[in-house]
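Chemist: Could you have a look at this structure, given as structure tokens, before my questions?
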Amino acid sequence: MSYTFANFVVGSSNQFAHAAALAVANLPGRAYNPLFLYGGVGLGKTHLLQAIGSHITQGGPSRRVTYLPAEGFVHELVSALQHDRMESFRSQYRQADALIVDDVQFLAGKDRSQEEFFHTFNALYEAGKQIVLASDKPPQEITPLQERLRSRFACGVIADMQSPDLETRVAILHRKAEERGLLLPTPAAMLVATHMSANVRELEGCLARLGAYASLHARSISVELAEAVLQQVLAERERAVTAPRIQQTVAQHFGVKTSDLRSKKRQRTIAFPRQVAMFLCRELTNASLPEIGRHFGGKDHTTVLHACRKIAGLEEADEQIARILWQLRQALGG
Ligand code: ADP
Ligand code: MG
């Protein structure tokens, strides 16, 4: 299924992002530049980026749209550096009429990529070409990121995407059911939408299971069927990795109390497990640095960042620490 404006459901949670995306698609380079979309996982960022891309392409056969995840940019850069192909790497990106880069938070901490992206950005921007970016965090929370790149990210329009409200979730379910050719009675849609409130990907996952269940048992989708599927999904969610679970697992491993991890105590026997737990929260959950800080008794996001860097460095340098991290990830089902 392709991602277009036509199959994007608009609600108050994404209204502004949708309007900005549509404006950019209709007037590339002349409406908002750059457009920066951010929001949690599964809220429709990639959907809107792809909708913009295909809309611009449809505007004329000569229109060149480059769409890629930031990870792809980094990989191509590494390979261009290796094979001495920087010239063609640069010209390839600079020929685009629109450059659409998804998940730019991936550039955090990658200095060489940031440098190259900064120059690509400037070349296109100065030529009046459209740039669209998406990230799971706003520019000021992407760390570490060079200030000059951060200010480029923020110099156009920033639109956030929130979790959709109940009515929008029900509307999305109906739309997706229609696309899949599933008959979804409204009471079943309401039940699913009530329990799956965080993001749209979850809703879709639930719907896919409903469809599979129904066809497997040669039944139509009903409230009873939805209840059965939801029970399964919610039980799986119980086992998901959360900050409190990480704290519990780490505290147990090091023989400290979970309350110590959230305390201000500075002795090494506590500070170190705390840093490990922060690092794993960063790696295994979607929480932002400030959110992680709040899970640890209101620590500052720079404290969290420092912990993440330190443990990442130790994992590379110290085999014993690498082994501990491996064991903890195993214990957390990673
Ligand atoms: P993100 O990039 O923000 O993590 P995606 O764009 O991949 O999220 O969206 C996850 C799924 O949810 C996709 O299948 C997408 O089509 C769907 N989706 C999200 N928001 C909407 C919406 N408003 N209308 C229709 N589908 C949506
Ligand atoms: Mg995405």
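All of the numbers you see were taken from the coordinates with simple rules; none came from a lab. Please read all numbers here as calculations on a predicted model, not as lab measurements. In this analysis, Cβ positions are derived from the backbone assuming ideal geometry, glycine residues included, and neighbour counts consider all displayed protein chains.
Chemist: Find the Cα radius of gyration of the chain, compare it with 2.2 N^0.38 Å by division, and give the number to two decimals.
Modeler: My calculation over the Cα atoms of the chain gives 1.13.
Chemist: Something else about it: Is there a quick way to get the dipole size of segment 239-278? I mean about its Cα centre, with the Cβ of Lys and Arg at +1 and of Asp and Glu at -1; what is the value in debye to the nearest 20?
Modeler: Values: 9 positive and 1 negative charges, 26 e Å.
Result for segment 239-278 is approximately 120 debye, rounded to the nearest 20.
Chemist: For segment 64-74, take each phi angle, set θ = phi - 60°, evaluate the Karplus expression 6.51 cos²θ - 1.76 cosθ + 1.60, and give the result in whole Hz per residue in order, putting x for glycine and proline.
Modeler: 9, 10, 9, 10, 7, x, 4, 4, x, 4, 5
Chemist: Show that you can apply the helix-only estimate: for the chain, add -39,500 (n - 2.57) for every DSSP H stretch of four or more residues, divide by all residues, and state [θ] at 222 nm to the nearest 500. Mind dumping the intermediate values first?
Modeler: Details: 16 runs with 199 residues, N = 334.
Calculated from helices alone, the mean residue ellipticity at 222 nm is -18500 deg cm²/dmol.
Chemist: With the cut-off at 1.5 for a/c, could you classify segment 291-334 from its C-alpha gyration tensor as rounded, prolate or oblate? Mind dumping the intermediate values first?
Modeler: Values: a/c = 3.64, a/b = 1.51, b/c = 2.42.
Verdict is oblate for segment 291-334.
Chemist: I've got another one for you. Near LYS129, which lysines are there with a Cα under 28 Å away, not counting those fewer than 8 places off in the same chain?
Modeler: Of all the lysines, those that pass the test against LYS129 - Cα under 28 Å, at least 8 places apart if same chain - are LYS45, LYS110, LYS137.
Chemist: Below 19 Å, Cα to Cα, which lysines can LYS257 reach? Residues fewer than 8 away in the same chain don't count.
Modeler: Result set, ordered by chain and number: LYS265, LYS299.
Chemist: Tell me, what are the semi-axes, in whole angstrom and largest first, of the equivalent ellipsoid of segment 1-144 as set by the roots of 5 times the Cα gyration tensor eigenvalues? Spell out each step's value before the answer.
Modeler: On the way: eigenvalues 123, 68, 33 Å².
They are 25, 18, 13 Å, listed largest first.
Chemist: How much length is gained if the chain between ARG266 and LEU234 is pulled fully straight, taking 0.36 nm per residue apart and subtracting their Cα-Cα distance, in nm to one decimal? Mind showing how you got there, number by number?
Modeler: Values: separation 32, 0.36 × 32 = 11.52 nm, distance 3.78 nm.
Value of the extension gain: 7.7 nm.
Chemist: Multiply the residue gap between ALA23 and THR303 by 0.36 nm, knock off their C-alpha separation, and tell me the result in nm, one decimal place. Please list the in-between numbers first.
Modeler: Working: separation 280, 0.36 × 280 = 100.80 nm, distance 3.97 nm.
The ALA23-THR303 span can extend by a further 96.8 nm.
Chemist: Could you work out how far apart the two model spin labels at HIS83 and GLU147 are, taking each label as a point 7 Å from the Cα in the direction of the beta carbon, and quote it in nm?
Modeler: The answer from the label model is 3.8 nm.
Chemist: Taking the Cα centre of each part, how many Å lie between segment 53-83 and segment 265-292?
Modeler: 36
Chemist: In addition: Dividing the alpha-carbon Rg of segment 119-272 by 2.2 N^0.38 Å yields what?
Modeler: Cα-based Rg divided by the globular estimate yields 1.53.
Chemist: Sticking with this one: Looking only at segment 10-42, which residues have a backbone nitrogen under 13 Å from a spot 7 Å from the Cα of GLU178 in the C-beta direction?
Modeler: 10
Chemist: Something else now. Rounded to the nearest 20 Debye, what is the dipole magnitude of segment 200-285 about its Cα centre when Lys and Arg each give +1 and Asp and Glu each give -1 at the C-beta?
Modeler: Charge dipole, segment 200-285, about its Cα centre: 820 debye, nearest 20.
Chemist: With all pairs of different alpha carbon atoms counted, what Kirkwood hydrodynamic radius in Å does segment 136-178 show? Could you put the intermediate results ahead of the total?
Modeler: Values: mean 1/r = 0.0769 Å⁻¹.
For segment 136-178, inverting the mean 1/r across all distinct Cα pairs yields 13.0 Å.
Chemist: From the P(r) of segment 70-121, could you give the percentage of C-alpha pairs in the tail past 13 Å?
Modeler: Considering segment 70-121, 56 percent of its Cα-Cα pairs are separated by more than 13 Å.
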